[in-house]
Amino acid sequence: MIEILNPTEVARARETGALVATILQTMKSRSTVGTNLLDIDRWAQAMILEAGAESCYVDYAPSFGRGPFGHYICTSVNEAVLHGLPHDYALADGDLVSLDLAVLLGGIAADSAISFIVGDTKPPESVALIDATERALQAGIAAAGPGARIGDISHAIGTVLDAAGYPVNVEFGGHGIGSTMHQDPHVSNTGRPGRGYTLRPGLLLALEPWVMVDTDKLVTDADGWTLRSATGCRTAHSEHTIAITDDGAEILTLAR
């Protein structure tokens with residue numbers, strides 16, 4: 001399903017996006033050496049419920065996961081990159097953390113992810129990974145606008161990731177979003193310009209470039225959810241929800 005929102009729904013999406021951004025930035029500020037991933041999950045739960053929002057994750061049970069996710073935020077550390085199931089792990093100095101959050105507020109969902117390094121140690125390879133995903137995300141957003149094609153976004157993202165020297169996995173990527181978290185169209189992190197669905201005002205997309213240092217292959221943890229690099233290399237993930245407008249693309253998941 002491809003859903004086109006009306007102006008009232010887009011306005012509600014701005015509120016959802018702002019909430020997602022605020023929660024993620026709060027979780028980042030609280031994530032220090034010694035912080036447990038289960039505490040991050042509990043803090044996210046408290047902020048979601050206090051805002052009168054709903055988690056898109058707790059009851060989420062897609063074909064690629066093992067039963068309902070059962071938590072409120074994805075916490076992926078170092079070689080884990082997607083769908084990181086919160087567990088009993090205390091963050092260490094130099095850990096690369098990716099947090100991914102989607103919530104529903106006022107009937108409209110928003111989805112965003114950030115990657116950052118905990119503590120004082122900043123491994124250059126990890127800094128470069130995060131930078132590449134953030135630059136790719138901005139390139140994808142810049143390529144989005146009325147009349148553009150999904151392939152234009154994918155090509156813009158993939159061009160940045162390729163230039164940075166990272167293999168690109170096409171199993172998971174961005175997606176449409178609206179009254180539900182995951183909708184068509186799929187937005188691959190590499191592609192050919194001028195191909196795919198034509199963007200229209202009112203379309204919401206979650207764009208999410210993610211990379212692994214030296215592989216495009218994933219393995220699934222025993223928990224049935226957490227996806228890790230097949231080689232054990234580090235990973236990073238950045239994501240924004242955007243709205244296609246008459247003038248271009250509006251980033252909805254920015255903290256106010």
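The values are calculated or read from the model by the stated rules, or taken from the named source; none is laboratory data. If you're wondering where the values come from, they're calculated on a predicted model, not measured in any experiment. All Cβ positions, glycine included, derive from the backbone under ideal geometry; neighbour counts span all protein chains shown. Just so you know, the surface numbers come from the protein's heavy atoms only, side chains and all, with ligands and any DNA or RNA stripped out. Shrake-Rupley method; radii C 1.70, N 1.55, O 1.52, S 1.80 Å.
With a Förster radius of 22 Å applied to the C-beta separation of Arg12 and Thr245, the computed FRET efficiency comes to 0.90.
Computed across the chain, the Kirkwood hydrodynamic radius from all distinct Cα-Cα pairs reaches 18.0 Å. With Cα atoms defining each centre, region 114-191 and region 217-235 are spaced 19 Å apart in the structure. Springs between Cα atoms under 10 Å define the GNM used for the chain, and in it the highest mean-square fluctuation of Leu204, Leu99, Leu227 occurs at Leu227. Dividing the convex hull volume of the alpha carbon atoms of region 1-41 by its residue count gives 84 Å³ per residue.
Once fully extended, how much extra length lies between Thr180 and Val127, figured as 0.36 nm per residue of separation less the alpha-carbon to alpha-carbon distance?
Between Thr180 and Val127, full extension yields an extra 15.8 nm.
For a paramagnetic label modelled on Glu3 (point 7 Å from Cα along Cα→Cβ), amide N atoms under 13 Å away belong, within region 35-65, to 56.
Please arrange Leu19, Leu254, Leu37 by accessible surface area, largest first, computed with a 1.4 Å probe and ligands excluded.
Sorted by accessible area, descending: Leu254, Leu19, Leu37.
Overall, the accessible surface of region 1-70 at a probe of 1.4 angstrom is composed of carbon and sulfur to the extent of 51 percent.
Our Cα-only numbers for region 12-83 put the radius of gyration and Dmax at 12.9, 36 Å.
For Ala51 and Ala90, the difference between the fully extended length at 0.36 nm per residue and the C-alpha to C-alpha distance is 11.3 nm.
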